[in-house]
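To start, the structure itself, in structure tokens.
Rule-based calculations on the coordinates, nothing more; no lab input. This is a predicted model, so every value here is computed, not measured. Reconstructed Cβ throughout: ideal geometry from the backbone, glycine too, with neighbour counts over all protein chains shown.
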Amino acid sequence: MTHKPINNEPANKQNSDNWEDKIVKPEDVLAKIQPGMSIFIGTGVSEPRTLVKELMSSNKGNLQDLELIQVVSLGDAISIKELRNQKFRLKTFFSGWVASEAITAGRVDLIPSRFSLIPKLISSRQIPIDVAFIQISPPNNAGYCSLGVSVDVAHEAIAQASIVVGEINVDIPITYGDTFFPISQFDMLVRSTEPPIYFPRWPIDDIYDTVAANVASVIMDGSCIFFSIGPLYEALSCHLRHKHNLGVHTPFFTDALMDLVKSGAVTNRNKTTFRGKSVASYAFGTKELFSWLHRNPIVEFQSVDKVFNSEEIGKNPRFVCILPARKADLSGRIALHYGKGNVTAGPGEAMDFFNGAELSKGGYSVFALPSRNLKKEPNIKISVENYNNLFNVRESVNMVVTEYGVANLAGRTLRERAQALIEIAHPDDREELIKQAKEQKIIYQDQIFIAEAASFYPSEVATKHTFKGGVEVRFRAIRPSDEEEMRKLFYRFSDEAVYYRYFAKIKAMPHSKMQSYVNVDYRTTMSIVGVVGDQGQGKIISEARFIKDKNTPPYADVAFIVDEEYHGIGIATYLYKNLIRIAKDRGIHGFTADVLASNTAMMKVFEKGGTVKAELDYGTYSLKIPFDSSPVV
């Protein structure tokens, strides 16, 4: 090779096991193979390509009816064309990338299994292995070589195989963790003539960037995250760089994750297992990533029984399992990706991390997808029952995210789930989803839908503020799916608070009334709710709105209310000043309002906003508040 290798460890010539005596040509290895043998091939980027290519191209008579076993096939060395003959058959635990099309065609056998259980299947010889082809680094002075960027089940494969062959590649990094083997454990060695498999970084389009930003909004400081491969994660890395003390426990380490670690957002200090270390079983990416991983002490590579172990994952607090989805239906069922180009995408691959999130204190799962596919077809469907790779554990799906927002499904009824998912579907698809949901009796038959306003949700008004006593409140525009939370807010009010807000002694707020309140036409009405609690899982504690006044067009009528538990910390004043700012941007010249004379707290809020012209009539103030003299802060 003409380039400088990542490592070229000097060998200890005094080692009693002179490893250079074991170096042979690839054809000498193949001569040892007998018909019917099972050959384990190293996984992923560490695929021993020199040995595999020689195996694929050889015409030796002994290479018949061979069974190739590989956990994940990412490379091009195992030729799908060669698998069409009777010499080889590939068994894999992973349905994506190269193997997927061949599985569909019947040329590759898929072994459905939780990844965490694969080592037991091999060590118990339920899946027998006769020969192991493993890519390794050159041995160091002590006679130890590294598995580099792919640990997976190499330990179990080497322990079971009667013939163990190491392919020495000077271009793979030496990594830490459960990666080292004495060179004495290899029966034969070959020198690699092939570089490792490098993969370019994924391009990020605007939609995936927005999806990733929405995912990042529900990841809190101190969370431990699952990270994988593809445009979602490439974009997510950029949006997580402002976070603090993140942890990493993931199957794949990538360039995007390298950037996130280098940004300082990842410290791993809150993890319970492998504290202070980012843990993975594979690396996948560019030469730059491999160079950065070489002898990097803050990244540990472990076998899949540790990385995919749900109990180990669950020991880390706030573990967030972030998975890309292909489709989602209104009940919360998820269709995962399949086919070439997809990694850790199948239910078997995802379930271990999904369960780990369930076991984690404060953990949760997030499924992310664009609202439409590249063909402009909807990704939010009435049902995904007939799709491949169905992740049918809807009861445990916490959040679904698109570029239009976050649907929190935890603890919600099927009707509430459907409403939340419709809200994050593409605006042009929502009316049809409402129609289908009514036909299936998933939502109320009288459910309101303002078709003309579907595209006008004002996401730009979202803000966050910390009030007295450290109370953090997130503010956003109201949504139809807020109906239940707004009903709960109503029933928390005292009779006096209800009277102040509605000028009547209202005792009940049924669906028929509340759905009219939460379904607003954002072209004429602005309603902002305040939410406390974890992102995507909080409760509404305030609401403020203005409605353009038909009788006095430059003005809008304003009203708001705050949960009595949160009075006196400044929420009403903050809401009011925000409404002034938004109203000015929309060309409104001022507010009008009616306030009971006994409601002195509300009068003080309006007076803080600027000049108030008030007329008292039968115990009620009619207010007119021009903006010209109203400060906006």
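Quick notes
- Among [x] 1.26; [y] 1.18; [z] 0.96, the entry derived from the coordinates for Cα Rg over 2.2 N^0.38 Å: [y]
- The charge dipole of region 206-447, taken about the Cα centre with unit charges on the Cβ atoms of Lys, Arg (+1) and Asp, Glu (-1), comes to about 420 debye, rounded to the nearest 20.
- Treating r as the C-beta distance of ASN551 and HIS242 and R0 as 35 Å, the FRET efficiency rounds to 0.15.
- Debye, to nearest 20: dipole size of the chain, +1 on Lys, Arg Cβ, -1 on Asp, Glu Cβ: 760
- Region 539-633 shape via C-alpha gyration tensor axes, a/c threshold 1.5: oblate
- Per-peptide average of other Cβ atoms within 10 Å, ordering 476-484, 508-516 highest first: 476-484, 508-516
- Rounded FRET efficiency, nearest 0.05, which uses the C-beta distance separating ARG89 from ASN386 and R0 of 22 Å: 0.15
- With 30 Å as the limit on Cα-Cα distance, the pairs of LYS376/LYS548; LYS53/LYS327; LYS327/LYS435; LYS513/LYS624 that go past it are LYS376/LYS548; LYS53/LYS327.
- When region 206-447 is described by a simple charge dipole with +1 on each Lys and Arg Cβ and -1 on each Asp and Glu Cβ, the residue from THR210, ILE434, ALA283 located farthest towards its positive end is ALA283.
- Cleavage-rule hits (chymotrypsin sites (Phe, Trp or Tyr not before Pro)) in region 439-474: DSSP loop, at most 15 neighbouring Cβ within 10 angstrom: TYR444, PHE456
- Other-chain or far-sequence residues with amide H under 5 Å of TYR621's (modelled H): VAL595, LEU596, ALA597
- Order by protection proxy (mean Cβ within 10 Å, highest first), peptides 151-159, 43-51: 43-51, 151-159
- Shape of region 179-288, Cα gyration tensor, a/c cut at 1.5: oblate
- Charge dipole (debye, nearest 20) of region 459-626; +1 at Cβ of Lys and Arg, -1 at Cβ of Asp and Glu: 320
- Backbone phi angles across region 457-464, fed through the Karplus curve with coefficients 6.51, -1.76 and 1.60 (θ = phi - 60°), yield HN-Hα couplings of 4, x, 5, 6, 7, 5, 9, 9 Hz in residue order; Gly and Pro are listed as x.
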